[in-house]
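Down below is the structure, laid out as structure tokens.
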Amino acid sequence: MFAKKDCSLSRLGQICTVIQVDIADLTRGNIRQSKLINELTREQEQEIVDNQRLFIVAVCTMQNFKFEEIVATYRISEAQCVQLLARLDRIGFLELLPHNRYRLLVARTFRWISDGPIMRWTKEHAAEYFDHPFDGPGETLRVINVRISAESRASLLTRLEQLGYEYEEQHNADAWLPAYQRYPLSLCFAVRPWEPEAFGELRRRKPLPAA
């Protein structure tokens with residue numbers, strides 16, 4: 001578009017929305033990367049978890065919902081939504097802009113604390129997530145148990161992280177679409193040494209030598 005000099009102001013505005021930059025900041029060359037955060041504190045996460053509506057708004061902003069879409073989708077009034085966005089602004093999660101717009105302040109590498117309040121909440125609701133047949137369009141569930149070397153395990157983790165980044169990039173690329181054209185998708189990556197307890201109960205204290 002830029003090479004052909006065919007980028008309207010409205011299209012530029014859409015691009016800025018996707019990359020979370022104001023046109024004014026762009027013209028000043030001030031993207032303010034230094035403000036971006038990689039994770040919240042435990043206290044900040046707890047504040048979000050303790051307020052269901054605040055939690056919903058935080059997730060919606062990460063999913064690029066517009067202010068009007070949040071209010072239209074959930075039982076949250078405009079006044080409540082403004083207050084909740086202001087709380088997220090105070091936490092440092094986003095920057096509240098005029099006309100109820102906002103800019104996320106989370107970096108591309110942002111993640112919830114591994115054993116923090118939000119991940120603990122997620123684990124508590126894991127049964128709800130897995131109580132599903134996973135047989136619909138765009139759904140899959142596989143549990144694969146393998147024995148591999150330390151080098152192979154490290155390579156696998158790197159590839160899984162890359163897959164997560166690819167989904168995040170696609171999420172950003174589709175951010176210009178209205179919310180009703182963007183379908184919610186939850187990915188769950190879990191990698192750790194594990195053996196079902198029922199198996200462990202039958203383990204020998206000392207394995208027999210291999211034949």
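Keeping to the range 152-161, report how many residues are farther than 17 Å from Trp194 by Cα and in contact (Cβ under 8 Å) with a residue 12 or more places away in the chain.
Selection size over the range 152-161: 1.
What's the total number of residues in the range 110-151 that are in a loop (DSSP other than H, G, I, E, B) and either free of Cβ contacts under 8 Å to residues at least 60 places away in the same chain or among the basic types (Lys, Arg) (or both)?
Here the count works out to 23.
Scan the range 137-145 and give yes if some residue there is charged (D, E, K, R), at negative phi and loosely packed, with under 10 Cβ neighbours inside 10 Å, otherwise no.
yes
For the range 162-173, how many residues meet the condition of being open to solvent by less than 90 Å² (accessible area, probe 1.4 Å) and at pLDDT below 90?
Count: 7.
Can you pull out the residues in the range 76-109 that are assigned to a loop (DSSP other than H, G, I, E, B), out of contact with any strand residue (DSSP E or B) (no Cβ under 8 Å at 6 or more places or on another chain) and either among the polar types (S, T, N, Q) or open to solvent by less than 20 Å² (accessible area, probe 1.4 Å) (or both)?
Ile76, Ser77, Thr109
Can Ile148 be described as modelled with pLDDT of 90 or more and in contact with a Phe, Trp or Tyr (Cβ under 8 Å, 6 or more places away or on another chain)?
No.
What residue, among those in the range 174-209 that are of a type in the set (A, V, I, L, M), open to solvent by less than 100 Å² (accessible area, probe 1.4 Å) and over 23 Å from His132 (Cα atoms), is farthest from the chain's Cα centre (by Cα)?
The residue in question is Ala198.
The values are calculated or read from the model by the stated rules, or taken from the named source; none is laboratory data. It should be emphasised that the depicted structure is a prediction, and the values quoted were computed from it without experimental measurement. Methodologically, a virtual Cβ is constructed for each residue, glycine included, from the backbone with ideal geometry; neighbour enumeration extends over all protein chains shown. To get the accessible areas, we keep the full protein, side chains included, count just its heavy atoms, and leave off ligands, DNA and RNA. Shrake-Rupley method; radii C 1.70, N 1.55, O 1.52, S 1.80 Å.
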